[in-house]
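Asker: Pasting a structure below so you can have a look.
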Amino acid sequence: MAAITIENLVKRYGDGFPAVNDVSIDIQDGEFMILVGPSGCGKSTLLRMIVGLEDITSGELRIGDRVVNDLAPRERNLAMVFQNYALYPHLTVYENIAFPLRLAKMDDGEVDRLVKDAAETLELTEHLDRKPGNLSGGQRQRVAMGRAIVRQADAFLFDEPLSNLDAKLRGQMRTEISRLQKQLGITTVYVTHDQTEAMTLGDRVAVLRKGVLQQLATPRELYENPGNLFVAGFIGSPPMNFLPVEVSGTSAKLPFGTVELPPDKAEKAQGKGLLIAGIRPGNFEDASIASSTGRQGATFRTRVEVVEWLGNETYAYIPFEAPPEVQQQLRDLEKDLDGESLRSQLVVSLDGASRIREGEEAEIWLDPRKLHLFDPVTGENLTVDRDNAGRIHSAGDPAGLV
Amino acid sequence: MLKKMGVPLGVLVILLWCLLPVAWIISLSFKSEQSITSGNPGFFPSAGTGAGWDNYRAVWENDQFRRAIVNSIGISLIATLLSVIVATLAAYAIARLEFKGKRLVLSLALAIAMFPVVSLVGPLFDMWRAFGIYDTWPGLIIPYMSFTLPLAIWTLSAFFREIPWEMEQAAQVDGATSWQAFRKVIVPLAAPGVFTAAILTFFFAWNDFVFGISLTSTEAARPIPASLAFFVGPDPFNRPASLLAAAAVIATIPIIVIVLIFQRKIVAGLTSGAVKG
């Protein structure tokens, strides 16, 4: 058990490209830390730097009180689960799990006890004599975890461990990993590009983009107080809607109409001209349902293009025109998020009881208190509640973290 | 009907074509010498000319031949072992490490493999006599190694490249040194490649005639193929064909045994299950 301290870590490849750029994260003892971001954001590189499979260009990495920058992987006492499991195909499940213990020259009785224990925990007991080639994906995944938990490692590192499983199994294994981590209380660093995993597993989540740490906060803080456009767009599903907005006084002019903002939010946006408003799909509602439950907020009328009814909720899609200044920024953002937005449209999540139909004009309610305002140039969230947003990377200076 | 028979028929023709000389030499080895000199053309020895196991017994009791077998087995096994060890290490370096002159090493190896053996015999003869390893085991082991290494390196580096690098990294994270990761994970996974290389090397060394006859002068190191050429028997004008046939059959047996042993180890797709396929 140990804390892992990452200080100004940089990974620069031969061509000068910084895959990880000045990242600082303090992972506390027993904490479940998630590294998340779109592909190519440097999250896997960062994990491999922690475990020692990638050299550190500059910065300092400490496990407990030890600086481990120049130690070989085997001297760091970390356990890692690889994305493709990396099981030893010539060994049985038993020997696969026992492998780290055998390397540590543990005596056979002790090895047997620990392997049986680990197999018990992961329900692998009846598969111990089989070879990995004969196991299903989920079983292989569990063997890989068994190899990690069997020894007294200082921390677990997971590199997208569930990305090779089908959706159902992924859900089960996610719960399993969470349960195991709580049970063992061991420091864990978990890399994923899946935000469901990030939100459900992590004590804290570090969002990375192009090698730079964007925000380090709890899942709830990330969701409610995203530090910038990137984090706002990355966290949440369906993603946050971004609309052009102009604020004058306390009224915000959106493509569908004008809504009244709370004074503290409006104040932060004074004199900034055209901004980007971010509203989560869940902060909209069918106006008739909202008024029947007595919720306060603004309403507007608009034509709904497509409706997707999912039973407990309904997604409605509403197209809008964005001015070119904002459009470019939104398109860049979409590219960063690995997405491909074909048209600018608003996604709203309505109650499943809503009777709004496709192609009809409908009255939609929205909660202006939940609205975020972003600077279209820097992407900064102007209305962020800094006390509840963890640590946010400030846009102006790529190295500086607020 | 004809379509169905096509493949078995083809196989049969090829088998006949390949195995007829073998069958013939086996037939010869069971005929008595008179039977051959008197010109008995039948596949089976005609009445009264069958030699039974006499030829084999005679060959086996021949000191010269027994020495040759020992030489052949010893030299071929040592050459194979050394060649495979060196090739495994070299191929691993070539597959895993980035170093200057990697391409040069590979193309040089290929060039050596293509070099005509005969052109080296003269210089080697002179050199070996100067070094004092003419007519010794090392005198044959060294050229065998240098001619089999290139092929072994190429075969093995292809195998190593197939092994996911994660295997090795996983081993290192699990607490292995680079050497342990290599020995406990990479080598077992490359075993089919190692055995393939071993078989190829052993074949080359066992079947070699040119070096065997040029770089030896006595029974101290003369291998079987060369020894057979010197196998004259009691009458120098009448070579004992049936004895030679029996000797040839005996010389083939170790090859068959080795191939059968190694073949079991060459299980394709040993790495399946290592990573998600």
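Each value in this text was obtained by applying a stated rule to the coordinates, not by laboratory testing. Being a predicted model, the structure only gives us computed values, none of them experimental. Cβ placement follows ideal geometry from the backbone for every residue including glycine, while neighbour counts extend to all protein chains displayed.
Asker: Compute the whole-percent fraction of alpha carbon pairs in chain B spaced more than 27 Å apart.
Answerer: The share of Cα pairs beyond 27 Å in chain B comes to 55 percent.
Asker: Less than 13 Å from a label point 7 Å out along the Cα-to-Cβ axis of residue B:136: which backbone N atoms in segment B:204-235 qualify, by residue?
Answerer: Zone members listed by number: B:221.
Asker: Dipole of chain A (Lys/Arg Cβ +1, Asp/Glu Cβ -1, origin at the Cα centre): which of A:193, A:69, A:225 lies farthest to the positive side?
Answerer: Towards the positive end, the residue furthest out is A:69.
Asker: Which whole number gives the average count of other chain Cβ atoms within 10 Å of the Cβ atoms across peptide A:86-95?
Answerer: Counting Cβ atoms of other protein chains within 10 Å of each residue's Cβ and averaging gives 6.
Asker: I want to verify a result. In a Gaussian network model of chain A, Cα cutoff 10 Å, which of these has the top mean-square fluctuation: A:325, A:197, A:246?
Answerer: A:325
Asker: Please report B:174, A:375, B:208 as a ranked list, fewest other C-beta atoms within 10 angstrom at the top and most at the bottom.
Answerer: In increasing order of surrounding Cβ atoms, one gets A:375, B:208, B:174.
Asker: Could you point to the residue in A:184, A:163, A:122 farthest towards the positive end of chain A's charge dipole, with +1 and -1 charges on the Cβ of Lys/Arg and Asp/Glu respectively?
Answerer: A:122
Asker: Follow-up. Nothing charged except the Cβ atoms of Lys and Arg (+1) and of Asp and Glu (-1): what's the magnitude of the dipole of segment A:237-384 about its Cα centre? Round to the nearest 20 debye.
Answerer: Once rounded to the nearest 20, the dipole reads 320 debye.
Asker: Which residue fluctuates the most in chain A, going by a Gaussian network model with Cα springs under 10 Å, if the choices are A:21, A:228, A:84?
Answerer: A:84
Asker: Turning to a different aspect of this structure: Can you give the % of DSSP beta bridges in chain A that are antiparallel, to the nearest 5?
Answerer: Within chain A, antiparallel bridges account for around 75 percent of the total.
Asker: Now a separate question. For segment A:4-223, just list the percent of Cα-Cα distances falling in each 5 Å bin from zero outward, please.
Answerer: P(r) for segment A:4-223, in whole percents per bin: 1, 7, 15, 19, 20, 16, 12, 7, 3, 0, 0.
Asker: If you take each beta carbon of peptide A:75-83 and count the beta carbons of other chains within 10 angstrom, what is the mean?
Answerer: Per-residue shielding by partner chains comes out at 3.
Asker: Right, here's the next one. Taking θ as phi - 60°, what are the ³J(HN,Hα) couplings along segment A:30-43 by the Karplus curve (6.51, -1.76, 1.60), each to the nearest whole Hz, with x for Gly and Pro?
Answerer: These are the phi-based 3J(HN,Hα) values: x, 7, 9, 9, 10, 9, 10, x, x, 4, x, 8, x, 5 Hz.
Asker: Note down the relative contact order for chain A as a percent, whole number, built from C-alpha pairs under 8 angstrom at least six residues apart.
Answerer: 16 percent
Asker: Something else about it: With charges set only on the Cβ (+1 for Lys and Arg, -1 for Asp and Glu), what does the dipole of chain A come to about its Cα centre, in debye to the nearest 20?
Answerer: Roughly 400 debye for chain A.
Asker: Ok, one more. Work out how much length residue A:334 to residue A:17 would gain on full extension: take 0.36 nm times their residue separation and subtract the Cα-Cα distance, in nm to one decimal.
Answerer: Computed gain between residue A:334 and residue A:17 is 111.9 nm.
Asker: Okay, helix-only estimate at 222 nm for chain B: each DSSP H run of n ≥ 4 adds -39500 (n - 2.57), divide by all residues, round to 500 deg cm²/dmol; what do you get?
Answerer: -23000 deg cm²/dmol
Asker: Taking the number of other C-beta atoms within 10 Å as the exposure measure, put B:153, B:94 in order starting with the fewest.
Answerer: Ordered from fewest to most neighbouring Cβ atoms within 10 Å, B:153, B:94 come out as B:94, B:153.
Asker: Nearest 5 is fine: what % of DSSP beta bridges in the protein assembly as shown come out antiparallel, could you say?
Answerer: Once the DSSP bridges in the protein assembly as shown are tallied, antiparallel ones form about 75 percent.
Asker: Take peptide B:161-172, look around each residue's Cβ out to 10 angstrom, count Cβ atoms belonging to other protein chains, and average those counts.
Answerer: 5
Asker: Mind jotting down the distance between the C-alpha centroids of segment A:44-65 and segment B:1-27, whole Å?
Answerer: Between the Cα centre of segment B:1-27 and that of segment A:44-65, the gap is 63 Å.
Asker: GNM, chain A, Cα, under 10 Å: largest mean-square fluctuation among A:226, A:38, A:238?
Answerer: It is A:238.
Asker: Okay, moving on. Order of B:44, B:125, B:160 from fewest to most other C-beta atoms within 10 Å?
Answerer: Starting with the residue having the fewest Cβ neighbours, the order is B:44, B:125, B:160.
Asker: When you take every Cα atom in segment A:134-226, what is the radius of gyration, and what is Dmax, the widest Cα pair distance, in Å?
Answerer: So, for segment A:134-226, Rg and Dmax equal 14.0, 47 Å respectively.
Asker: If you don't mind, another one. What's the center-to-center distance, using Cα atoms, between segment A:126-172 and segment A:293-362 in Å?
Answerer: 39 Å
Asker: For the protein assembly as shown, what is the charge dipole size about the Cα centre, in debye to the nearest 20, if Lys and Arg each add +1 at the Cβ and Asp and Glu each add -1 at the Cβ?
Answerer: 2280 debye
Asker: Let me ask something additional. Lysines near residue A:272 by alpha-carbon distance under 30 Å, same-chain residues fewer than 8 away left out - which ones?
Answerer: A:210, A:253, A:335, A:370
Asker: Any idea how far the Cα center of segment B:187-237 sits from the one of segment B:130-181, in Å?
Answerer: So the separation of the two Cα centres works out to 21 Å.
Asker: Based on DSSP H runs of at least 4 residues, each adding -39500 (n - 2.57), what is the mean residue ellipticity at 222 nm of chain A after dividing by all its residues, to the nearest 500 deg cm²/dmol?
Answerer: Calculated at 222 nm, the ellipticity per residue is -8000 deg cm²/dmol.
Asker: Here is a follow-up. So if R0 is 30 Å, what FRET efficiency would residue A:385 and residue A:292 give, r being the distance between their Cβ atoms, rounded to the nearest 0.05?
Answerer: 0.50
Asker: Obtain the radius of gyration and the Kirkwood radius of segment B:131-271 from its C-alpha atoms and give Rg over Rh.
Answerer: For segment B:131-271, the value is 1.14.
Asker: While we're on this one: Which whole-Hz couplings ³J(HN,Hα) result when phi for each residue of segment A:106-123 is put into the Karplus expression 6.51 cos²θ - 1.76 cosθ + 1.60, θ = phi - 60°, listed in order with x for Gly and Pro?
Answerer: Listing the rounded values in order: 6, 6, 4, x, 5, 4, 4, 4, 5, 5, 4, 4, 4, 5, 4, 4, 9, 6 Hz.
Asker: In square nanometres and to one decimal, what's the mean projected area of the convex hull around the Cα atoms of segment B:86-182?
Answerer: For the Cα atoms of segment B:86-182, the hull's average projected area reads 8.0 nm².
Asker: So what are the three principal axis dimensions of the protein assembly as shown from its Cα atoms, in whole Å, longest to shortest?
Answerer: Extents along the principal axes: 123, 68, 52 Å.
Asker: Another question about this same structure. Using r as the Cβ-Cβ distance of residue A:182 and residue A:66, and R0 as 30 Å, what FRET efficiency do you calculate, to the nearest 0.05?
Answerer: Plugging the Cβ-Cβ distance into 1/(1 + (r/R0)^6) gives 0.70.
Asker: Expressed as a rounded percentage, what relative contact order does segment A:4-223 have, with Cα pairs under 8 Å and six or more residues apart?
Answerer: For segment A:4-223, the relative contact order is 31 percent.
Asker: Further question on the same structure: How large are Rg and Dmax for segment A:237-384 when only the alpha carbon atoms are used, in Å?
Answerer: 15.0, 43
Asker: So, one more: Can you give the Rg/Rh ratio of chain A, where Rg is from the C-alpha atoms and Rh is the Kirkwood radius?
Answerer: 1.04
Asker: Any idea what the relative contact order of chain B is, in percent, if you count C-alpha pairs under 8 Å spaced at least 6 apart?
Answerer: Answer for chain B is 30 percent.
Asker: Which residue, B:163, B:79, B:248, has the largest displacement toward the positive end of the dipole of segment B:69-265 when charges sit on each Cβ (Lys, Arg +1; Asp, Glu -1)?
Answerer: Selected residue: B:163.
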